[in-house]
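Comments concern the structure below.
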Amino acid sequence: MNAYLQRCRSVLKSSINKIAVIGNESCDLDSAVSAIGFAFHLQHSPKLLSPWYKPDTIVYPVLNVTRAELPLKTEVTFFLKRQGIALDELICRDDIDWPTEQALNVVLVDHHVSSLNQNIVGIVDHRPVEAAARFNPNAFKTIELVGSCATLVGRQLFSDGISPEEREGYNVALGLLYAAIVLDTVNFSKEADKAKPLDYDVAERIESQLQITEQVRSLHREQLFKSLVDARSDVSELNAYQLLLKDLKIISQNDRTVSVPGFPMAVQEYIQLPEWREHLNRFATSTESNVVILLGMKVHPDGSVRRDVGVIPIDGTPLAEKIIAALHACQEMNFELEEIPCSENGTFYLQHNLKASRKQLIPIVKNVLSTIQ
């Protein structure tokens, strides 16, 4: 795998035919490993890319984060290093001069709407299709509501077949995908209810490929999940500003911007951090946010989950109020919000519906923004 990644970096500035596989801007473990695993597979089995793939084509993964921000993705760096991947060999978003790469073909994983001007030739995603989504009719497209995008990538690997000559690299890729499936499904927790039958099926096929026997499966998953949660929650070196950047989605529409940072801790814990308000204001200024929605998820040692929410108006109190009203009124997904009395500026909630996540919140926010004149 490292030899493949080294080759990708070596040809980055060359004029040979290139295809980039890029995850979403949160660059969580699912997004990162889906990009790496799928790019590796498409390089060695380019059937899906047949209209765009030439004999000298290089397919390379892109982590949708700047090089400076990569250390903030603690579970990503932890697990990639554990799998023997050299972080210096990875390609980050700012390693590419996008304006000069207009001829670059791009595959999106873990998202299906992009601001890139490049030609989108493929999509693999596991979230609901956005109303504003527009697709290249010639692109391959897989969008299914499963627990992890890595599940869809893993299924494609098994469907196309694993090259015996590249078995070592494929085993690394499958190990990466497996970790994301375990983490995103909260280790197949019934309480979280993230896992779909396909998640179970692909995870079991990977376990068979990696010779993880049924006798040790449960313990292996539990230990892997714990190590990933511990790594994601290890924010001891991050201040309140860096935490806002760790897992971030930004929604902009009709000259309004709503930032939605996710935390590996409760929001109520976050607002106890030193100078959190100053850091939040600095963050809001840098992102030009009118409203910031804080999403907390704390996983306890016994596997139980706590979710909470904070809606912070920066210079958009009416907008914040509209978002709150829309969350309460949502018919498709009841977030079951219970307001938490708080002296801080903003509205805070305990979220009783543990199944509701940012995937369900973002379409609600986009719908509110679409109504603003």
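The values are calculated or read from the model by the stated rules, or taken from the named source; none is laboratory data. Please read these numbers as outputs of a predicted model, since none were measured by experiment. Because the Cβ atoms are built from the backbone with ideal geometry, glycine has one as well, and the counts that use them run over all protein chains shown. Heavy atoms of the whole protein, side chains included, go into the accessibility calculation; ligands, DNA and RNA do not. Shrake-Rupley method; radii C 1.70, N 1.55, O 1.52, S 1.80 Å.
One residue alone among Ala231, Ala240, Ala203 is open to solvent by less than 50 Å² (accessible area, probe 1.4 Å) and under 20 Å from Glu275 (Cβ atoms), and that residue is Ala240.
Taking each residue of the range 332-345 that is charged (D, E, K, R) and looking for partners that are open to solvent by 50 Å² or more (accessible area, probe 1.4 Å) with beta-carbon atoms closer than 7 Å, six or more apart or interchain, yields Glu336/His352; Glu338/His352.
Within the range 23-42, which residues are closer than 17 Å to Asp95 by Cβ and out of contact with any His (no Cβ under 9 Å at 6 or more places or on another chain)? Give the derivation first.
Step one: filter the range 23-42 for residues closer than 17 Å to Asp95 by Cβ, giving 23, 25, 27, 31-32, 35-36, 39.
Of everything in the range 23-42, those that are closer than 17 Å to Asp95 by Cβ and out of contact with any His (no Cβ under 9 Å at 6 or more places or on another chain) turn out to be Cys27, Ala32, Ala35, Ile36, Ala39.
Selection of the range 178-199 for residues being closer than 24 Å to Val76 by Cβ, open to solvent by 20 Å² or more (accessible area, probe 1.4 Å) and not in a loop (DSSP other than H, G, I, E, B) yields Asp184, Leu198.
Scanning the range 188-224 for residues that are under 17 Å from the mean Cα position of the chain (by Cα) and modelled with pLDDT of 95 or more returns Ala195, Asp199.
Taking helices (runs of 4 or more DSSP H) as the structural unit, those lying wholly within the range 1-118 and holding at least 3 residues that are more than 21 Å from Val153 (Cβ to Cβ) correspond to 2-10. Across the range 1-31, the number of residues qualifying as acidic (Asp, Glu) and open to solvent by less than 10 Å² (accessible area, probe 1.4 Å) comes to 1.
Would a scan of the range 212-224 turn up a residue that is surrounded by 15 or more Cβ atoms within 10 Å (Cβ to Cβ), closer than 21 Å to Phe263 by Cα and among the hydrophobic types (A, V, I, L, M, F, W, C)?
Here is the first cut: in the range 212-224, the residues surrounded by 15 or more Cβ atoms within 10 Å (Cβ to Cβ) are 212, 220-221, 224.
Narrowing the set further to residues that are closer than 21 Å to Phe263 by Cα leaves 224.
Going one step further and asking which of them are among the hydrophobic types (A, V, I, L, M, F, W, C), we end up with 224.
Yes, the range 212-224 contains at least one residue that is surrounded by 15 or more Cβ atoms within 10 Å (Cβ to Cβ), closer than 21 Å to Phe263 by Cα and among the hydrophobic types (A, V, I, L, M, F, W, C).
Out of the residues in the range 85-107 meeting the condition of being more than 23 Å from the chain's Cα centre (by Cα) and exposed (fewer than 14 other Cβ atoms within 10 Å of the Cβ), tell me which one is nearest to Asn138 (Cα to Cα).
Our first condition is that a residue be more than 23 Å from the chain's Cα centre (by Cα); within the range 85-107, this holds for 99-103.
If we keep only those that are exposed (fewer than 14 other Cβ atoms within 10 Å of the Cβ) too, we end up with 99-100, 102-103.
Details: Pro99: 23, Thr100: 24, Gln102: 18, Ala103: 16 Å.
Looking at residues that are more than 23 Å from the chain's Cα centre (by Cα) and exposed (fewer than 14 other Cβ atoms within 10 Å of the Cβ), I get Ala103.
For (1) more than 30 Å from Lys226 (Cα to Cα); (2) under 24 Å from the mean Cα position of the chain (by Cα); (3) of a type in the set (Val, Ile, Thr), each residue gets a yes or a no:
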| position | (1), (2), (3) |
| --- | --- |
| Tyr241 | no, yes, no |
| Leu245 | no, yes, no |
| Trp276 | no, no, no |
| Val291 | yes, yes, yes |
| Val305 | no, yes, yes |
| Gly316 | yes, no, no |
